[in-house]
Amino acid sequence: MKRRDFLKTTAVGTAAFSLLADQIEAAEPGELAPSVSYRQILPLNRRWLYSEKSSADAMKPGFNDRGWKAVTLPHTNKMLPMNGFDENEYMFVSAYRRHFKLPAALKGRRIFVDFGGVMTAARVFINGRDLGEYKGGYTPFSHELTKDINWKGDNVLAVEVDSTERKDIPPFGNLVDYLTFGGIYRDVQIRAVADTFIENVFAKPANVLRDDRSVNVRIYVQGKTERDLQLKAELLDGGKVIASESRNVVGTETQDINLTNLGAIQLWDIASPKLYDLRVTVISDVTILDHYDTRIGFREAKFTPEGFFLNGKHLKLRGLNRHQTYPYVGQAMPARVQKRDAWILKKELHCNIVRTSHYPQSPHFLDACDELGLLVFEETPGWQHIGDKAWQDLTVQYIDTMIRRDWNHPSIILWGVRVNESGDNHDFYTRTNALAHDLDDSRQTGGVRYRYNSERLEDVFTMNDFGFPLRPPNHPLYLNTEFSGHMYPTKRGDNIERLREHAHRHARVHDALASDAKYAGGLGWCAFDYNTHDYFGSGDRICYHGVSDIFRIPKPAAGFYKSQCDPSEEIVLEPAFDWARGDENETFTNALVCSNCEKLVYYVGTRKIAEVEPDRKAYPNLKYAPFTTNLHSAIGKAWEDLRIEGYIGGKMVIEKKMSARGVDKQFIIAADDNELVADGIDMTRVVFKVADEFGNVKPFSVAAIQFTIENGEIMGDNPFALVGGCGAIWIRSTEKAGKIRLTARHPRFGAKVIEITAKASSPLVI
Ligand code: GAL
């Protein structure tokens, strides 16, 4: 078959492009077999060397790094305890080195190194040559290595990482209520491409609700100019091409290809987040020079004066703010763990939106939001402070990078183009809004402020309204982006009255937001407790503002969010109390249960003590109002197990039992995943608790849990002293496939063992 015919007749499948470098034919551009694109992505997350000290010599190729520590990425420059540490411990300049050889087959291509995120500034050297410093820890950056590659032997990529709070780099310059930690904490890869290559693709669905729906594919080509090229855009569903269009062009100017006649497509929605694949190919004569794959979803997302509409249907936004930080490792969590947070927000807390407070977050997290149907408000890094012109220029650059990195995510519905809670700055924010609209005219902008009368340059007035009653919407498009938080910090092990009030505060705000369509909805502060400076939080470097704790273990306020879903998704019954007789002033006069049932029936022992409806008086606007009940006198003197039955449509659909005995009955331990990849990177969370006989946590259980592990690494305290009766650690795979065996020993209940399969990872190419 002639090459040209081959191109015409071959459906370009993913497999054709996923060749490993050692399978690539040795060829100069123009000679490659037509089924193989020149693009090769070589992950570079393993085999790094790390030192807590940097020096000019350490950046040189010949430096003796034999004593350095072998690490994998994501990597934190400093392991820290969960709390009570001094944040200066991670604020230093460290160094990383990576030796590599490139397959000869890649010779002739342009070689880049792509960093996903390095906190906070990174100066990169290739074989001793300084490629410059990138300032900013939350956005990706790349360097071209082509001219410096030694094709005959060893190459050294050396990175000097400055993790101090530099005033010239956003978010710094003043106080910031979160810790940024340090290190090369996101993925790194080598990208080999032809001399003409695709730099980016923005695939923008249009008119998705109409029959003439289309996808406008904007293609950014780089490299050799003056070349005849064929650009081809294809929309695929499960590998099957459903629309395809080609265009002949000369040179590298940005081009638009419009894919039309798509036929029936399935919308991306929060309940059924259907994703399509989009592939762009650049062809010169008969040679495929490059391809670029991305995923898109067809959805229409609009803030209007009557609230937010997704695909033409009104949707009250109900969500939480999320920091991407974790205990022990700061931000250095691999894909699986980042994705798990999206799962927790969507499947456990039943939120429909998350705000990536206060910076662009892990691409893996955003991928999971696309896959799970969780809407996203993504924003530029910063916290209250605006710096000088150079600082502002960096912010503009971050917004540019954030939008270009993330514009194909259907989950993202709003770009945050104001530094969180910063004051007005007409020129600066006129610039950031114009940039966002210019790059992406399909999404609205927001800019989070706490001043009600601040200037609105953004499309949506995004307001942190921490007071109650809430302020009325003072702009036609109005979204409440933060409430609760520092007004009522609550630890998971706090007194039950506080935990209950914490839940009520979130519920009250959502009830008020439900009262008026002009509120598009709200996002509470916040999803998870997070590490912060001594100036904020409880003085132990934690802000206990989460509805779940720093391990993502729920507090009663999480039960409120969870209970707001349709029962077809999950039937929820979450008591906001422990079944303990004398631990509150008004014992059970205000028992709170968050549930989406229509009726609850309470029994003590076999005695029915109450039959109650949702508290529609306190919560007239919520679809699933919480149940608040005075059980005090009904309980009487007898003290027996509590049983709560939940009813929908007259049928009992859920039941919850709580023990009256007050005896620690079992030690429960569970991992989020039973399979990991054996690459020394992959991790999963292991949660453990002491519980009554029905599985309810015993909040005053204080045992120290001792762990041992085979073929894995523990990221966490060991022994771990239970916090509020529970705790969590993360475990990391090694590079050895097989079984990871974690033994957790409770002093009274003995040992529990968890086995996780470590699957062989794909072979290391470089
Ligand atoms: C807000 C701020 C958040 C967090 C919160 C605590 O003002 O935007 O980052 O500090 O307060 O409640």
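Please treat every number below as a calculation from the coordinates, not as lab data. Keep in mind that this is a model prediction, so the values were computed, not measured. Every residue, glycine as well, gets a Cβ built from its backbone with ideal geometry; the counts of neighbours run over all protein chains shown.
Give the order of ARG218, ARG581 when sorted by the count of other beta carbons within 10 angstrom, beginning with the fewest. Could you put the intermediate results ahead of the total?
Values: ARG218 17, ARG581 11.
If I rank by nearby Cβ atoms, fewest first, I get ARG581, ARG218.
How do the peptides 186-195, 159-168, 551-560, 265-274 rank, highest first, by the average count of neighbouring beta carbon atoms within 10 Å per residue?
In decreasing order of mean packing, 186-195, 159-168, 551-560, 265-274 become 551-560, 186-195, 159-168, 265-274.
What is the sum of charges, Lys and Arg at +1 and Asp and Glu at -1, for the other residues whose Cβ falls under 11 Å from the Cβ of TRP391?
Numbers: positive: LYS135, ARG166, LYS167, LYS389; negative: ASP168, ASP388, ASP393.
Cβ neighbours under 11 Å give a net charge of +1.
Tabulate in residue order the Karplus-calculated ³J(HN,Hα) for segment 271-276, using 6.51 cos²θ - 1.76 cosθ + 1.60 with θ = phi - 60°, rounded to whole Hz; enter x for Gly and Pro.
8, 9, x, 6, 10, 10
Please give the helix 389-406 orientation as an angle from the longest Cα principal axis of the chain, in degrees from 0 to 90, rounded to the nearest 10.
Here the helix axis deviates by roughly 90 degrees.
Among THR684, ALA760, ALA670, flag the residue with its Cα farthest along the positive direction of the charge dipole of segment 666-760, charges on Cβ as +1 for Lys/Arg and -1 for Asp/Glu.
Of the listed residues, the answer is ALA670.
Assuming a viscosity of 1.567 mPa s and a temperature of 4 °C, what translational diffusion coefficient in µm² per second does Stokes-Einstein assign to segment 666-760, Rh being the Kirkwood radius over Cα pairs?
97 µm²/s
At a threshold of 8 angstrom on Cα-Cα distance, excluding pairs fewer than six apart, so keeping six or more, what relative contact order does segment 646-748 reach in percent?
So the answer I get is 28 percent.
Test of understanding: ordering HIS510, HIS475, HIS746 by Cβ neighbours within 10 Å, fewest first, what list do you get?
Listing HIS510, HIS475, HIS746 from fewest to most nearby Cβ atoms yields HIS475, HIS746, HIS510.
Between HIS486 and HIS99, what is the label-point separation in nm under the 7 Å Cα-to-beta-carbon projection?
Result: 5.0 nm between the two label points.
Assign unit charges at the C-beta atoms only (+1 for Lys and Arg, -1 for Asp and Glu), then state the dipole size of segment 196-296 relative to its Cα centre in Debye, rounded to the nearest 20.
Once rounded to the nearest 20, the dipole reads 200 debye.
From the phi of every residue in segment 316-324, what ³J(HN,Hα) in whole Hz does the Karplus formula 6.51 cos²θ - 1.76 cosθ + 1.60 yield, where θ is phi - 60° and glycine or proline is x?
Whole-Hz 3J(HN,Hα) from phi for segment 316-324: 6, 7, 9, x, 9, 7, 10, 8, 8.
If I take R0 = 25 Å and measure r between the Cβ atoms of LYS69 and ASN718 in this structure, what FRET efficiency does the formula 1/(1 + (r/R0)^6) give, to the nearest 0.05? Each step should come with its number before you reach the end.
Working: r = 20 Å, r/R0 = 0.78.
For LYS69 and ASN718, the calculated efficiency is 0.80.
Compare the Cα positions of VAL208, LEU42, VAL723 along the charge dipole of the chain (+1 at Cβ of Lys, Arg; -1 at Cβ of Asp, Glu; about the Cα centre) and return the one farthest towards the positive end.
Of VAL208, LEU42, VAL723, it is VAL723.
What's the extension gain from ARG129 to ALA660 if we count 0.36 nm per residue and subtract their Cα-Cα distance?
Contour length minus the Cα-Cα distance gives 184.2 nm.
Taking the Cα centre of the chain as origin and charging only Cβ (+1 Lys, Arg; -1 Asp, Glu), how large is the dipole, in debye to the nearest 20?
Numbers: 97 positive and 101 negative charges, 258 e Å.
Once rounded to the nearest 20, the dipole reads 1240 debye.
For the chain, build the charge dipole from Cβ charges (+1 Lys, Arg; -1 Asp, Glu) around the Cα centre, then report which of ALA591, LEU439, SER538 sits farthest towards its positive end.
ALA591
Under the 0.36 nm per residue contour assumption, what length would be gained going from the current alpha-carbon distance of GLN222 and ILE648 to full extension? Don't skip to the answer; put the middle values down first.
Working: separation 426, 0.36 × 426 = 153.36 nm, distance 5.97 nm.
Net length gain for the segment: 147.4 nm.
Quote the relative contact order of the chain in percent (integer), defining contacts as alpha-carbon pairs under 8 Å separated by 6+ residues.
9 percent
Provide ARG732, ARG661, ARG404 in ascending order of the number of other Cβ atoms located within 10 Å of each residue's Cβ, fewest first.
Fewest-to-most Cβ neighbours within 10 Å comes out as ARG661, ARG404, ARG732.
Suppose a student asked you for the relative contact order of segment 32-175, using Cα pairs under 8 Å spaced at least 6 residues apart; what percent would you report?
Rounded, it is 27 percent for segment 32-175.
Rounded to whole Å, give me the distance from the Cα center of segment 273-342 to that of segment 544-566.
Cα centroid to Cα centroid, the span is 24 Å.
Hey, any idea what Rg/Rh is for segment 202-313, computing Rh the Kirkwood way over Cα pairs?
Values: Rg = 15.9 Å, Rh = 15.2 Å.
Checking Rg against Rh, the ratio lands at 1.05.
How much net charge surrounds ARG247 when only the other residues with a Cβ under 13 Å from the Cβ of ARG247 are counted, with Lys and Arg +1 and Asp and Glu -1?
-3
Mind jotting down the distance between the C-alpha centroids of segment 158-193 and segment 576-607, whole Å?
One Cα centre to the other: 48 Å.
Pairing the Cα long axis of helix 426-439 with the longest principal axis of the chain, what angle in degrees results, from 0 to 90 and rounded to the nearest 10?
In the chain, helix 426-439 runs at an angle near 70 degrees to the longest axis.
In degrees, nearest 10, range 0 to 90: what is the angle between the Cα axis of helix 363-372 and the longest Cα principal axis of the chain?
So the inclination is approximately 60 degrees.
Using modelled amide H (1.01 Å from N, peptide plane; none on Pro or chain starts), what sits under 5 Å from the amide H of LEU375, excluding residues fewer than 5 places away?
Counting only residues 5 or more places away or on other chains, the set is ILE353, VAL354.
Step through the residues of segment 541-550 one at a time and calculate ³J(HN,Hα) from phi using the Karplus curve (6.51 cos²θ - 1.76 cosθ + 1.60, θ = phi - 60°), rounding each to whole Hz and writing x for Gly and Pro.
Result, ordered by residue: 6, 10, 8, 8, 9, x, 7, 10, 7, 5 Hz.
Would you grab the residues whose amide H sits under 5 Å from the one on ALA243? Only those 5+ places off in sequence or on another chain, please, with H modelled 1.01 Å from N.
Those lying under 5 Å, H to H, from ALA243 are LEU235.
Using the crude model of +1 on Lys and Arg Cβ and -1 on Asp and Glu Cβ, and no other charge, please compute the dipole size for segment 31-100 relative to its Cα centre, in debye to 20.
320 debye
5 Å is the cut-off here: which amide hydrogens, built 1.01 Å from N in the peptide plane, fall below it relative to LYS204, excluding neighbours closer than 5 in sequence?
ASN216, VAL217, ARG218
Take the alpha carbon atoms of the chain, find their radius of gyration, then divide it by 2.2 N^0.38 Å using N residues; give the quotient.
That ratio works out to 1.00.
State the antiparallel share, in %, of DSSP beta bridges confined to segment 196-296, rounding to the nearest 5. Write out the running numbers ahead of the final one.
Working: 42 of 42 bridges.
Among the beta bridges of segment 196-296, antiparallel pairing accounts for roughly 100 percent.
Could you compute the FRET efficiency for ALA670 and VAL250, with r as their C-beta to C-beta distance and R0 at 41 Å, rounded to 0.05?
Efficiency computed from Cβ-Cβ geometry: 0.10.
Among the listed pairs LYS346/LYS599; LYS518/LYS617; LYS346/LYS562; LYS562/LYS752; LYS736/LYS759; LYS347/LYS562, give every one whose C-alpha distance is greater than 20 Å.
Correct reply: LYS346/LYS599; LYS518/LYS617; LYS562/LYS752.
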